[in-house]
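Single-structure report; data block below.
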Amino acid sequence: MPDLNMAQAINRTLSAEMQRDESIVLLGEDIGALGGLFGTTEGLLEQFGEGRVVDAPTGEGGAIGTAVGMALYGLRPVTEMQFADFVWPGFEHIVSEMARVRYRSGGQYSCPVVLRLPYGGGVGGGMYQSQSPEAYFCHTPGLVVAAPSDATDAAGMLRAALRGEDPVVFLEPKCLYQGSRVRVEDGHIVPLGKARVRRQGTDVSVFAYGSTLPVALEAADDAAVAGIQTDVVDLRTLLPLDIGTVLSSIAKTGRAVIVAESPTYCGYGAELSATLSERALLHLEAPIERVTGFDVPFPYVHEDYYLPSKRRVVAAIERVANF
Amino acid sequence: MGELLTILADDVEDTERNVGDLLDADLTALYESLVVTRIVDERCARLQQSGRIGFWAPSGTSAAVSAGAARAFEDGDWLYPSYRDIGAFLVRGGSIEQLFTQVLSSRDDLARGRQLPGHATLPAGRFVSVSGPLATQIQHAAGTALAMKLRNDAHAVLALFGVAATDQAAFQIGLSTAARHAAPVVFVCRCPGVSLAPIVKANGVAPVSVDGTDILAVYMAARSAREAAVAGAGPTLIEAVVPKGTEALEPAARLRPYLEHRGVWDAGREEEFGRRCEERVAAAVALAESAGPPPADTMFDDVWATRPWMLQEQSRKLRRLQDRTGYSTPR
């Protein structure tokens, strides 16, 4: 198995799972001959034909609503948005339909759609090609929300999503698509709902996911130079959260920094912070810090100020360590 | 209503010429479905007036659209209903008893009392659980039909909705998706007048306008549209016109003179069938009311395939509260 970047790992996983499971069908704009905007579906049309790779049924809302009908019928549709920012026309189908089909039918029907959303900034995309919409989806019972942070996890978590029974909002950090190549074992699977401690430390817990995980790891290196040992937890799945791993980490450190790209207010960090306050109060030695995007629309020219940078994360680690 | 497909004429001899190959059994079944729908409607209206249910969307004079269209579809076909499609629910094999478990949110309701009265689910009849938002089911129907096409499944999909759904984006997106793939789906819209043909055509779908209080017209139009869909000729939209208010004719009353003329129905059968339905409905209501609601803990089921830790914890909390206070009603 060759070393793969994240886009290649996703492509290879889709291909392998489509071979394994006839019911998987891909939907999305330009996913056919073009191979997807980021190349994640390259070659799949040639490999599986138009019966399995359906190019753009009528816009984003159409691709998502169509996927719901296909999933009810018994297929496993994988809908790709070109950018997570384009998902809103299909929001009603996700929140009111996909997420509730099982519930409102008393478990008689299910809707195992995998919604692949290239998300986040760092590519100069401006406010309509850079958003991190996870909070909107994490507020919806019935959805699984996941965000891998490297090629290995992207393959393993996508495989789990494609074999799962629930609808999955799969957030792919597009700034990492073409990142470093790593060895990805065929058939590798990462169960959804399991976080991963990426670096062990006893002073400060840093909780990150998707695009902010590499930033957290770099900041951890810098903090170590300053003598602060961080426990870096890659949450991987946001809904449902791996509460056990989160609480073990905070029990060890008593100090928390949460790193996310989306705006602060009511963002994922708010839920995590509330959870820590409710369940780990007696462990806490310092206020919980959130390093996130600001409460502004995603900016264009000021993108680098907006995104949680290594410098901002290091500063937060130092503040909570020295509180 | 000259441009509407109509089977039931003022003169029964004209009707006779129009009915073609319809069998006695088809005719009486269609008629009976109208009577049952009316009796259920009346009972549910009373349940609502007396505060025993909180919501009811009556079929009223549009009953023929739901039952007539559904009857034109075969086992193995899929139906995407609206919340005004009790007729279709019964035609697809749903029983009166089952219907009232849903209407009264009894513990026997398949969907565990999670939906407003009339938002039924009938997996055995491939009658997909009714969704509240307008028009979303139009897109889902197109999706299911596209899936059938991709899988060489020689069945069809029926989507039912009211005219308000046609103002939603999902209406046009559903139509154009189905048209683009020549997916086997028939859209049936209850309309107060003729208005949809231009927009339907613009989305690549064939429009047909029928008299929506004439159940034979609805049935025959739906049957032709289904045949065309299965044959690969693409989707049709049937605009079933049901005039508002007093202009509308009660669909059972419209059909009955022809059935009597044909000798398959009479006052005796009317009386007997009506009485049996009333009795069955009364018994179904009594049964559903005596069964009581599903246990509160079922609220936490079917959100995800399995309960994640949050729901396990919330379920425990609710149960502890119930144990401590012994309360059976939460307020």
Close pairs (6 angstrom Cβ cut-off, 6 or more residues apart or separate chains): within 19 Å of A:Ser273 (Cβ to Cβ) in region A:202-219, among the small types (Gly, Ala, Ser) and assigned to a helix (DSSP H, G or I) anywhere: A:Asp203/A:Ala321; A:Val204/A:Ala321; A:Ser205/A:Ser249; A:Val206/A:Ala216; A:Ala208/A:Ala216
Top-ranked residue in region B:134-153 [being surrounded by fewer than 24 Cβ atoms within 10 Å (Cβ to Cβ) and more than 7 Å from every other protein chain (Cβ to nearest Cβ); ranked as farthest from B:Ala221 (Cα to Cα)]: B:Arg151
Every residue from region A:266-302 that is surrounded by 17 or more Cβ atoms within 10 Å (Cβ to Cβ) and among the charged types (D, E, K, R): A:Glu271, A:Glu289, A:Arg290
Selection from region B:261-271 of residues that are within 19 Å of B:Asp26 (Cα to Cα), under 27 Å from the mean Cα position of the chain (by Cα) and part of a helix (DSSP H, G or I): B:Arg269, B:Glu270
Residues of region B:154-211 that turn out to be surrounded by fewer than 18 Cβ atoms within 10 Å (Cβ to Cβ), touching an Asp or Glu at 6+ places or on another chain (Cβ under 8 Å) and either in a helix (DSSP H, G or I) or among the small types (Gly, Ala, Ser) (or both), as a count: 2
All positions within region B:99-115 that are under 14 Å from B:Arg52 (Cα atoms) and either among the polar types (S, T, N, Q) or at pLDDT below 95 (or both): B:Thr101, B:Gln102, B:Ser105, B:Ser106
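If you check A:Gly49 against the conditions, is it assigned by TED's automatic domain parsing to the domain that holds A:Leu115, touching a helix residue (DSSP H, G or I) at 6+ places or on another chain (Cβ under 9 Å), on the phi > 0 side of the Ramachandran plot and of a type outside the set (S, T, N, Q)?
Taking the combined requirement at face value, the residue does not satisfy it.
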Unique residue being crowded, with 24+ Cβ neighbours inside 10 Å and over 22 Å from the mean Cα position of the chain (by Cα) when the list is A:Thr66, A:Thr79, A:Thr13: A:Thr66
Only one of A:Pro141, A:Pro167 that is within 14 Å of another protein chain (Cβ to nearest Cβ) and crowded, with 24+ Cβ neighbours inside 10 Å: A:Pro167
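Each row is one residue, and each column tells you yes or no for (1) farther than 26 Å from B:Met299 by Cβ; (2) crowded, with 19+ Cβ neighbours inside 10 Å; (3) among the charged types (D, E, K, R).
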site	(1), (2), (3)
B:Asp14	yes, no, yes
B:Val19	yes, no, no
B:Asp24	yes, no, yes
B:Gln49	yes, no, no
B:Ala63	yes, yes, no
B:Asp77	yes, yes, yes
B:Ser95	no, no, no
B:Gln102	no, yes, no
B:Gln115	no, yes, no
Residue among A:Ser110, A:Ser96, A:Ser149, A:Ser132 that alone is in the same structural domain as A:Ala67 (by TED's automatic domain parsing), among the hydroxyl-bearing types (Ser, Thr, Tyr), surrounded by fewer than 24 Cβ atoms within 10 Å (Cβ to Cβ) and assigned to a loop (DSSP other than H, G, I, E, B): A:Ser110
Test set (1) within 7 Å of chain A (Cβ to nearest Cβ); (2) outside any loop (DSSP other than H, G, I, E, B) - B:Ser129 fails condition number: (2)
Residue list for region B:78-126, restricted to those being within 12 Å of chain A (Cβ to nearest Cβ), basic (Lys, Arg) and farther than 22 Å from B:His155 by Cα: B:Arg107, B:Arg112, B:Arg114
Qualifying positions in region A:235-275 - hydrophobic (A, V, I, L, M, F, W, C) and assigned to a strand (DSSP E or B): A:Leu238, A:Leu239, A:Ala256, A:Val257, A:Ile258, A:Val259, A:Ala260
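Return the only residue of B:Val281, B:Val303, B:Val285 being assigned to a loop (DSSP other than H, G, I, E, B), surrounded by 13 or more Cβ atoms within 10 Å (Cβ to Cβ) and of a type in the set (Val, Ile, Thr).
Going through B:Val281, B:Val303, B:Val285 in turn, just one is assigned to a loop (DSSP other than H, G, I, E, B), surrounded by 13 or more Cβ atoms within 10 Å (Cβ to Cβ) and of a type in the set (Val, Ile, Thr): B:Val303.
The values are calculated or read from the model by the stated rules, or taken from the named source; none is laboratory data. Bear in mind the structure is a predicted one, so any value in this text is a computation, not a measurement. Reconstructed Cβ throughout: ideal geometry from the backbone, glycine too, with neighbour counts over all protein chains shown.
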